[in-house]
Structure formats: C-alpha cells, structure tokens
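The values are calculated or read from the model by the stated rules, or taken from the named source; none is laboratory data. Quick caveat: nothing in here was measured; it's all calculated off a predicted structure. Quick reminder, even Gly has a Cβ in these numbers, built from the backbone with ideal geometry, and neighbours come from all protein chains shown. For accessibility, only protein heavy atoms count, side chains too; no ligands or nucleic acids. Shrake-Rupley method; radii C 1.70, N 1.55, O 1.52, S 1.80 Å.
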Amino acid sequence: MATRYLFLGLLFLTTTSFAQIANDNTLKAQIDGKEFITQPRRIKIANFWWVTANTIKPDKSLRIWLGRFDKSDVLESGTYLVVDADKPDTKENKKKYEDMGKYKGIAVIKYVEETKEPRMEYHVGKSTNADETIQVKLGTDGFLEATFGGTLAGSYWKEKASATVFGGMGRLMNKMQDKAITKASGYDQDIDPEGNGYKKQEKEDQIVISNGTFRLKMN
C-alpha cells in the first residue's frame, strides 16, 4: 500500500513540475497514412540539436537532425541530403555530397512509436541512404521551415524479460514517470528503446512519411 501511494505521489509531482509550454511551432505529416500533427521543439540530445516532435496515446516521437559531415549543427536555407541514421558519414555519402555541390548539409530522421503500453514494445523507423532530401528555409522572422518525407527502415523492439523481472516496480514507475513528463511537457522523455532494456525483433518493414512540413521558431 505504501508503495502505491509513493508511486501516485511521484506521478503527481512529475506532472505538476512540467507544464506544457505553449508555442507557435507547427509540424504535420502523414506517417503510414495516418495524420501526425503536433508542436515541435528544438532540443539538444547528446552533442546534437534535434527538431523533435511527439504525440501521446500512444507515445510517438519524430526527430530530425540537420548538420554536416563533421557532425556540427548547421542552419542554412537549402537542400539537405537524407542519410542513414546509424551511419551518416560514410565515404559514399560524403562523395555524393561533395560531387553534387547542391547540398547545404545532411539530415537524419528517426521515428519511434509505442505499440504496447506502458512502453513494453516499440516500432522504430530510421532514415536510409535513398537519395531523399529535405528542403529547408530560414526566414527573416526567425522561423525555420522545412518540407520532408521519405521511407524509413522499420524495426520492432520488445522489452527483455530480464528487464521486466529484475526491474520490477521501479522500472514500471520510471516508465510511467517518463510518460507523464512526455505528456505534460511536450518533450519525448526517454522514449528510445535502443540500449534501454529492449531487444530488437526479427520482423522488419518500412515506415512511410509523406507531406511532411514544420515551422519552428529558432529564438
């Protein structure tokens, strides 16, 4: 009983500590034919700035990184070459980037969707080397605008039995707190399954993104 009250108390503190931040940003796209509309944000993950957007019920996260081969962030108007999310800086990609002479940089796209609650299973999509592009425009009003789409390499992830058993109530509480933060703050809190106690399944498919646009205030 004490554990239950502690759990509910932590959820209350979490949701009240993170108020949804209103903004004028917009993002919309079709993901596997289903409408995805939300307010994106630009957040720093590790050493990189990502345009990140999420929705809930189920939890979904779409992230886009715009940068260069030296892994520095870049924000210029122009065309960006979409590359493999796991291996963006291959010699082939760099040669294509340099020979074409028309790209301002490279881009990576990653999509994560919760398929079984609470964050037990996921569907993950990653950009590949398929000669796809993102068109970017940096306006004088301080907004970054872009149009995007493409086909992502899809994979499925399931929580390891050992993580479920040994993590116990503590792991469940952490997942529920992360979901509460995602819902209340508009930031996709700890939604990525890779390296987090999940196992990649054999099933693979494709995730198709079409008619994607976003408008994001940069300052």
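The residue of segment 165-204 that is surrounded by the fewest Cβ atoms within 10 Å (Cβ to Cβ), among those that are of a type outside the set (D, E) and free of Cβ contacts under 8 Å to residues at least 24 places away in the same chain, is G195. Regarding L75, is this residue in a loop (DSSP other than H, G, I, E, B), at pLDDT below 95 and either over 16 Å from T213 (Cβ atoms) or touching a Leu at 6+ places or on another chain (Cβ under 7 Å) (or both)? It is true that L75 is in a loop (DSSP other than H, G, I, E, B), at pLDDT below 95 and either over 16 Å from T213 (Cβ atoms) or touching a Leu at 6+ places or on another chain (Cβ under 7 Å) (or both). Y80 - would you say it is within 18 Å of D59 (Cβ to Cβ) and either open to solvent by 40 Å² or more (accessible area, probe 1.4 Å) or among the aromatic types (F, W, Y) (or both)? No; evaluated as a whole, the condition is false for this residue. If only residues of segment 106-127 that are among the hydroxyl-bearing types (S, T, Y) and either within 16 Å of M176 (Cα to Cα) or in contact with a Pro (Cβ under 7 Å, 6 or more places away or on another chain) (or both) are counted, the one that is most open to solvent (accessible area, probe 1.4 Å) is T115. Of note, I209 satisfies the criterion of being assigned to a strand (DSSP E or B) and open to solvent by less than 40 Å² (accessible area, probe 1.4 Å).
Candidates in segment 163-203 are the residues that are assigned to a helix (DSSP H, G or I) and among the small types (G, A, S); of these, the one that is modelled with the highest pLDDT is A180. Here the condition is being under 30 Å from G168 (Cβ atoms), in contact with a helix residue (DSSP H, G or I) (Cβ under 7 Å, 6 or more places away or on another chain) and not in a strand (DSSP E or B); of P118, P58, it holds for P118 alone. Have a look at K87, K44, K71 and point out the one that is closer than 25 Å to D192 by Cβ, touching a strand residue (DSSP E or B) at 6+ places or on another chain (Cβ under 8 Å), without any contact (Cβ under 8 Å) to a residue 24 or more places away in the chain and open to solvent by 70 Å² or more (accessible area, probe 1.4 Å). Matching residue, one of K87, K44, K71: K44. Looking across segment 145-162 at every residue that is modelled with pLDDT under 95 and in contact with a strand residue (DSSP E or B) (Cβ under 8 Å, 6 or more places away or on another chain), the one that is most open to solvent (accessible area, probe 1.4 Å) is identified as K160.
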